[in-house]
Amino acid sequence: MPKSFSVIPMKNIVLIGFMGTGKTTVGRLLANRLGRPFFDSDKKMEYENNLSIREIFEVYGEFYFRQQEKMVIAKLSHYKNAVIATGGGVVLSLENMNNLKRNGVIITLAASVEAILERTGRRNTRPLLDDFAQRERIIKKLLKERAELYYNADYSINTSSKSLQQVINEILFFLRQGGYLRGKR
Ligand SMILES: Nc1ncnc2c1ncn2[C@@H]1O[C@H](COP(=O)(O)OP(=O)(O)OP(=O)(O)O)[C@@H](O)[C@H]1O
Ligand SMILES: O=C(O)C1=C[C@@H](O)[C@@H](O)[C@H](O)C1
Ligand SMILES: [Mg+2]
């Protein structure tokens, strides 16, 4: 049997957290760094529905979106060795979290209201934050409602004043310490 690390099934690295905490951006960079495949549940949903997240919300509503999200998460949870970035509301479903945890190490990316406001203000792709005048209030309200749910993780990082590279280094440190990485990476 050749000594190849890539064929050994490893847990998925799953990023959860509020909108704008960096799951998509960090996930893609981390996957590149580790040479693992990268999946984003929002992107997969857009691809499978041939609609943007905004369009899914507008045409079918949030309930349908959450149902679709559950189906996508169930599929992604069967993957191995992957880095998975989730949508910010994935924690709202215990079914999602149980699926993701079965074969994944869960890492929460957190950020201050100020950082979230700044990062989500760059591109208006998030239907829940459409009301520009009310964005801060909505972010605070959702953060409060979801705070406990984001604790449902193996590790948590406050990304507010950290560069992307610092966030990735901190994740890699945690993964190495926890024995989640094999080989020299
Ligand atoms: N640590 C960071 N420092 C500076 N900018 C960051 C950091 N993390 C993410 N960003 C920027 O914030 C913006 C939002 O990031 P991203 O789309 O990855 O967030 P997300 O968690 O995937 O959000 P969503 O839940 O809406 O999908 C991007 O422009 C990204 O480059
Ligand atoms: O926090 C949320 O509920 C969301 C986050 C985004 O990733 C998207 O999944 C969508 O905009 C909803
Ligand atoms: Mg994202």
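Restricting to region 131-169, name every residue that is assigned to a helix (DSSP H, G or I), within 14 Å of ligand 1 (Cβ to nearest atom) and open to solvent by 50 Å² or more (accessible area, probe 1.4 Å).
Narrowing region 131-169 to residues assigned to a helix (DSSP H, G or I): 132-150, 164-169.
Filter again for within 14 Å of ligand 1 (Cβ to nearest atom), leaving 135, 138-139, 142-143, 146, 149-150, 164-169.
Within region 131-169, L149, L164, Q165, Q166, N169 qualify.
Considering region 48-64 alone, what residues qualify as being free of Cβ contacts under 8 Å to residues at least 40 places away in the same chain, under 17 Å from N124 (Cβ atoms) and of a type in the set (A, V, I, L, M, F, W, C)?
Residues satisfying the conditions are L51, I56.
If only one of R123, R119, R176 is of a type outside the set (A, V, I, L, M), in a helix (DSSP H, G or I) and within 16 Å of ligand 3 (Cβ to nearest atom), which one is it?
So the residue among R123, R119, R176 that is of a type outside the set (A, V, I, L, M), in a helix (DSSP H, G or I) and within 16 Å of ligand 3 (Cβ to nearest atom) is R119.
Across region 9-40, what is the total count of residues that are within 16 Å of ligand 2 (Cβ to nearest atom), β-branched (V, I, T) and open to solvent by less than 20 Å² (accessible area, probe 1.4 Å)?
Within region 9-40, the first condition is being within 16 Å of ligand 2 (Cβ to nearest atom), and the residues that meet it are 14-28, 38-40.
Subsequent filtering for residues that are β-branched (V, I, T) retains 14, 16, 21, 24-26.
From what is left, the residues that are open to solvent by less than 20 Å² (accessible area, probe 1.4 Å) are 14, 16, 21, 26.
Residues in region 9-40 being within 16 Å of ligand 2 (Cβ to nearest atom), β-branched (V, I, T) and open to solvent by less than 20 Å² (accessible area, probe 1.4 Å): 4 in total.
Name the helices (runs of 4 or more DSSP H) wholly inside region 1-94 in which the number of residues that are more than 16 Å from the chain's Cα centre (by Cα) and either over 27 Å from A111 (Cβ atoms) or among the aromatic types (F, W, Y) (or both) is 3 or more.
Values: elements: 23-34, 41-49, 53-60, 62-76.
It comes to 41-49, 53-60, 62-76.
Return yes when L181 is within 17 Å of the chain's Cα centre (by Cα) and open to solvent by less than 40 Å² (accessible area, probe 1.4 Å) and no when it is not.
Numbers: within 17 Å of the chain's Cα centre (by Cα): no; open to solvent by less than 40 Å² (accessible area, probe 1.4 Å): yes.
For L181, the condition - within 17 Å of the chain's Cα centre (by Cα) and open to solvent by less than 40 Å² (accessible area, probe 1.4 Å) - is not met.
The values are calculated or read from the model by the stated rules, or taken from the named source; none is laboratory data. Quick caveat, the model's predicted, so the values are computed rather than measured. Methodologically, a virtual Cβ is constructed for each residue, glycine included, from the backbone with ideal geometry; neighbour enumeration extends over all protein chains shown. The accessibility values were calculated without ligands, DNA or RNA, using every heavy atom of the protein model including side chains. Shrake-Rupley method; radii C 1.70, N 1.55, O 1.52, S 1.80 Å.
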